[in-house]
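Presented below is the structure to which this report refers.
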Amino acid sequence: MRRSWTLILLLLVSEGRAEEPAPAAPARRLLGPRLGPEREAALKRYGGTAETEQAVLGGLDWLLRHQGPEGLWDADGFASRCAPAGPVCEGKGRGQHGEDLPCPFDEAISALALLAFLGAGYVPGAPGAEGPALERALTRLAATGDSWALPLVTEALAEAEALEGRGRWRRALEANAKRLVGARQPDGAWGYAAPWRRGSDVPYTALVVPALLAARDAGVALPEDLGRGVDAWLTSLEAEQGKLAYLLDGRAYGYTPTTSNGHAAFALRELLETGTRSPRHATHAALVAGEAPAWKISFREVEVPGRGRLRVQVGHLSLYAWWYGTLGSFQKGGAAWTRWQGALKGALLPHQRKNGCARGSWDPEGTYERQTGGRVFATALAVLMLEQPYRHRRLASEPGR
């Protein structure tokens, strides 16, 4: 897969979609410099290398080769896109809780793949193979009715609109952002199962907040109390040495505080620039710092109340948790980012597949990747993390932080 910055910069008109007059673009606060000298400077400043860039291109190449013809990525059926000769790619997605069922998150995972391409500066409709592929995907997803996909699609729409600045995606973006803001719960955050289950949850809120911050860069106004509300809600949840509950009364639903929720809370406060000097945030930051990426995994059996003996993963291999650790550590900066990114490169680069149809992808060996998301999910997350030096800007810090 070859990269042509000139062609993208000279992009004029994409077929089949009317443009709307675009208002003056606001100054970007979150979205980073995806093209040209600014991008190269950010890459160098924040620890990217020629090796990480080659890994990004390899991951995008695998995703492009395994996209379905209608524009989506099939988490459990992507092997149908494998080359006829040779073994097919393994690592299909599964049911929501690891059941041997079709993965129900194709739209959400497809939006993550879209974000991986946008993170590298590709835009829908641009010349080359990537532009039409993104055009099909974003057009297909723009009016999604899937709750888990909605925030990720909104983030992709916001990035596409901010990168293009032509108004093509504005109407869909504003509609989706309105849906998200309207779904905010009285506790100040978002819940996937709301209003059928009382209270907001960490995983869904962790998807919504970055989407709204990206929408802000495309000119969408956000609630003034967004940061305060999310911070207060996070503080209300049970915490245990940096681990965090799923929702306020999580134990009533069988949830106990987890590492991944602690990583998500760390990223949320850093992105919202709120509560980053609090003792609670310090415990999440310490948890993340103590669980830097390492590609090591083992299993043991434990007794889980109400569920009997279960085989559970031991170790820090979770690309899903690393993704939030990457978002938060980048914003925190300094030694926190330097240590985290060094470990991330050490974990990801040697484990990218180098040969066969799977070349460029990552095996889904972490908990969420293995149980649910599969190879498409793992590869999209790995690419997004390696793009971090230029995918986002480092936000302004609180006074005295």
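Listing for the model above:
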{"quantity": "Complete set of residues in region 288-322 that are part of a helix (DSSP H, G or I) and open to solvent by less than 20 Å² (accessible area, probe 1.4 Å)", "calculated": "Val288, Leu319, Ala321, Trp322"}
{"quantity": "Looking only at region 332-384, and only at residues there that are of a type in the set (S, T, N, Q) and in a loop (DSSP other than H, G, I, E, B), the one that is nearest to Trp295 (Cα to Cα)", "calculated": "Ser361"}
{"quantity": "Pairs with Cβ under 7 Å, 6+ apart, first in region 369-383 and farther than 20 Å from Thr52 by Cβ, second of a type in the set (S, T, N, Q) and surrounded by fewer than 24 Cβ atoms within 10 Å (Cβ to Cβ)", "calculated": "Thr372/Gln96"}
{"quantity": "Answer residue from region 271-309, given it is of a type in the set (Lys, Arg) and at pLDDT below 95 and is farthest from Arg251 (Cα to Cα) among those", "calculated": "Lys296"}
{"quantity": "Where a residue in region 258-275 is farther than 9 Å from Gly328 by Cβ and in a loop (DSSP other than H, G, I, E, B) and its partner, wherever it lies, is open to solvent by 20 Å² or more (accessible area, probe 1.4 Å) and of a type in the set (Lys, Arg), with Cβ under 9 Å and at least six apart", "calculated": "Glu273/Arg401; Thr274/Arg228; Gly275/Arg228"}
{"quantity": "Residues of region 238-257 satisfying the condition of being in a strand (DSSP E or B), aliphatic (A, V, I, L, M) and either open to solvent by 40 Å² or more (accessible area, probe 1.4 Å) or in contact with a Lys or Arg (Cβ under 7 Å, 6 or more places away or on another chain) (or both)", "calculated": "Ala239"}
{"quantity": "Residue within region 217-237 that is of a type outside the set (Val, Ile, Thr), under 22 Å from Leu115 (Cα atoms), open to solvent by 10 Å² or more (accessible area, probe 1.4 Å) and assigned to a helix (DSSP H, G or I) present", "calculated": "no"}
{"quantity": "Helices (runs of 4 or more DSSP H) completely within region 89-201 that count 3 or more residues being over 28 Å from Leu234 (Cα atoms), open to solvent by 20 Å² or more (accessible area, probe 1.4 Å) and at pLDDT 95 or above", "calculated": "130-141, 170-182"}
{"quantity": "Candidate set: region 131-169, residues that are out of contact with any Asp or Glu (no Cβ under 6 Å at 6 or more places or on another chain) and of a type in the set (S, T, N, Q); chosen: the one nearest to Asp217 (Cα to Cα)", "calculated": "Thr154"}
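The values are calculated or read from the model by the stated rules, or taken from the named source; none is laboratory data. Model, not experiment: these values are computed from the prediction. As a convention, Cβ positions derive from the backbone with ideal geometry for all residues, glycine included, and neighbour counts pool all protein chains shown. SASA here: full protein model, heavy atoms, side chains in, ligands and nucleic acids out. Shrake-Rupley method; radii C 1.70, N 1.55, O 1.52, S 1.80 Å.
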